[in-house]
Each structure stands twice: as C-alpha cells, then as structure tokens.
Amino acid sequence: MISVAVIGSRGQLGTDLVETLEKTGGYEIFPLSHGDIECTDEASARKVLSSIKPQVVMNCAAFVRVDECEDSPEKAFRVNSLGALYVARACAEIDALCGLISTDYVFDGEKGEPYTEDDRPHPINVYGTSKLAGEELVQQTCRRWFIARTASLFGKAGAQSKGGNFLETVISKVKKGEPLRVVDDIRTSPTYTRDAAMVLETLIRNQSTGIFHVVNDKGCSWFELAEKTVQFTGFSCKLEPIRSEDYSMKARRPRDSRLTSARLDRAKGHLRPWDEALLAYLAEKRHVASPNTAS
Ligand SMILES: NC(=O)c1ccc[n+]([C@@H]2O[C@H](COP(=O)([O-])OP(=O)(O)OC[C@H]3O[C@@H](n4cnc5c(N)ncnc54)[C@H](OP(=O)(O)O)[C@@H]3O)[C@@H](O)[C@H]2O)c1
C-alpha cells in the first residue's frame, strides 16, 4: 500500500488523479482541497503533511489563469513558486517523494518540433516563469522529486479557476449558434486529464524521479482542436481560423509548445493521440454517444 496526498484534489487534474488511484487500488489516498491545505502558507503545508506523513505528495495546485498572471505576478509567484517550495520543504522533512505538476509554458515555442525533457526551458510569460521557478525550487529542496509537465488540459472537472475548459467553451458557443473564431497559429499538446492521471499513477507506483512530459500524442493548433470538437459533436457552426495577433491576449503564448517524452516507456508511457482522447472525453461528458453504447 502506498500512501499518497493529492494537493489540489478538486481541480481538473487532481479530480482524475484521485479517481485513478482509487480505481487502480493499492493506495491510501489523502485528497487535499484548497480548504484543507494552503500551499502559500508554509505552516499550513508543514502541519497538514507532517500529520499524515504520506510516502508521496502530488502537488496539483496552481494559479493557472495565464493572462491574470501578467496582472498579478505576486500571486503567480506566491502560488506557483513559493507554494511549490513550501510543499517541497514539507516533503523533505517527512522524506516523501515530491511530485510537482508543471507546464509546456516553461518553453518559448520556437523549437519547431515537440520539446523533450532534455530541452532547455525558456519561458516567455509570467505564468511559465513562475512555474519554472517552482520546478527549480523543488529540485533544490527535495532528495526525491519528479516533475510532470503537461499541457492544455481537458477533463470532466473543468479547470475550476478558469470556469470550465476550452472544449466546453466551444460546445457552449456552437450550441447557441454563435460563430467561433479560433487561433490557428498556436500549437499545443491537448491532454485528457484521465490519460495524464494514468501516467502519473505509474510514476507514483514506480517511485520515479526526474522530469517527465505527460501529454496526449501528436499535438495540434487550437483551431484544429475546435474543429475536431465540432466535427465529433455533429453541430454545425461557422468556424473561422484567425491569427494570434488578431486576438488580444495579455500574456504572450509560445507559438508551438507541443511536448513529447524521451523518458517515458514508449509502449506504456506514451498516450494515445489527442483526437482519440478528445472523443473519449466527449463520450465521458455525454456530448457524444459512448463508443461502447449499443446503437
Ligand atoms: N489547465 C491547463 O490547461 C494546464 C496546462 C498545463 C499545466 N497545467 C498544470 O496542471 C496542474 C493542474 O491544473 P488544473 O487545470 O487541474 O488546475 P485547477 O483546475 O485550477 O486546479 C487547481 C487546484 O488547486 C487548488 N489551489 C489553488 N491554489 C492553491 C493553494 N494556494 N493552496 C492549495 N490549493 C490551491 C485550487 O483550488 P481553488 O480553485 O479552490 O483555489 C484547485 O482545486 C497545475 O500545476 C497547472 O499548472 C495545467
């Protein structure tokens, strides 16, 4: 039995991670919501984690509103950097494996092909910089740590703090018959939280250490993601590709932050392509019939 504390347990990724650990079995799980632990308060992080003494701590908490991070850099660094440090210090005290979730936005997007774990980060916005600082603080603080970088998450819990996710925004607009304008010059690796959670479970089970890229395979532009969502759900709508310079966003986005893994086992750690994962998500949310439903 491995004991695991999941911080940010009610978030988009945390929800599926807790569920995956429960379903897999062999874990004593301590789901920690924001009400249970305040990562930006060192005393809170120490008190909570030292009282349960888990063998593994998964830190899924973050301030993920990328544009707001530009306006509130103090908050971004408080949650994403200092919060990660305080959790890491608490882990070091109880000798727990410290797992931190990070982001594709630690890269600048200029490589021209998917980034591996060996590529050098170079963030171009406050969010990415604050997450990279969190990564470095964890590495400096803990004897045993892993960092799982993921990207453009979609999962049934939605990104709590974003009030849903990109796919739900697309679906809600097309249902209302509103036209959609989506950027087609920014590429990412859309990732289903259920799939990411499966890889995280393996990393936890194997007590893995180091940096890992945990994303669905292939990657695409935001326009392609919207287009596939519309196609799968069968709605008809006016979908227009636009350039990012025509869409006002506070934070600069990396042009191509697709990730791939050079470290995860090709057979077991590499996840299905993003469009297959998208279809599974749409079925889970009952936007399309489940592939297993008899017609
Ligand atoms: N969402 C994406 O597209 C994306 C892409 C790449 C990487 N990531 C990374 O993936 C991880 C999970 O993201 P997500 O989409 O699941 O985010 P989320 O849905 O916003 O969940 C984050 C959770 O952390 C909690 N939390 C926030 N600040 C906290 C604090 N100071 N102390 C304790 N708990 C706190 C939040 O609670 P409240 O809501 O109550 O504050 C929320 O339940 C993050 O590390 C993020 O950087 C996300």
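Worth pointing out:
- Taking all protein chains together and rolling a 1.4 Å probe, residue 287 ends up with roughly 40 Å² accessible.
- At full extension, residue 286 and residue 207 could sit 24.9 nm farther apart than now, given 0.36 nm per residue minus the alpha carbon distance.
- Note: the chain, Cα convex hull, 127 Å³ per residue.
- For region 105-234, the Stokes-Einstein estimate of translational diffusion at 20 °C and a viscosity of 1.002 mPa s comes to 130 µm²/s, using the Kirkwood hydrodynamic radius over alpha-carbon pairs.
- Percent breakdown of C-alpha pair distances by 10 Å bin, ordered from the shortest bin, for region 1-111: 14, 46, 29, 10, 1
- The orientation-averaged shadow of the Cα convex hull for region 53-179, equal to a quarter of the hull surface, comes to 9.5 nm².
- Descending Cα extents along the principal axes, region 81-153, whole Å: 42, 23, 21
- Fully extending the segment from residue 139 to residue 116, taken as 0.36 nm per residue of separation minus the present Cα-Cα distance, adds 6.5 nm.
- Euclidean distance of C-alpha centroids, region 66-88 and region 1-48, integer Å: 19
- Relative contact order, percent, the chain [alpha-carbon distance under 8 Å, six or more residues apart]: 20
- Projected area averaged over orientations for region 166-255, convex hull of C-alpha atoms, nm²: 7.3
- Using only the C-alpha atoms, the convex hull of region 47-91 corresponds to 63 Å³ per residue.
- Under Karplus coefficients 6.51, -1.76 and 1.60, residue-wise ³J(HN,Hα) of region 207-212 in Hz, glycine/proline x: 6, 6, 10, x, 9, 9
The values are calculated or read from the model by the stated rules, or taken from the named source; none is laboratory data. Computed from a predicted model, the values in this text were never measured in an experiment. Ligands, DNA and RNA are stripped out before the accessible areas are found, and what is left, the full protein with its side chains, is counted by its heavy atoms. Shrake-Rupley method; radii C 1.70, N 1.55, O 1.52, S 1.80 Å.
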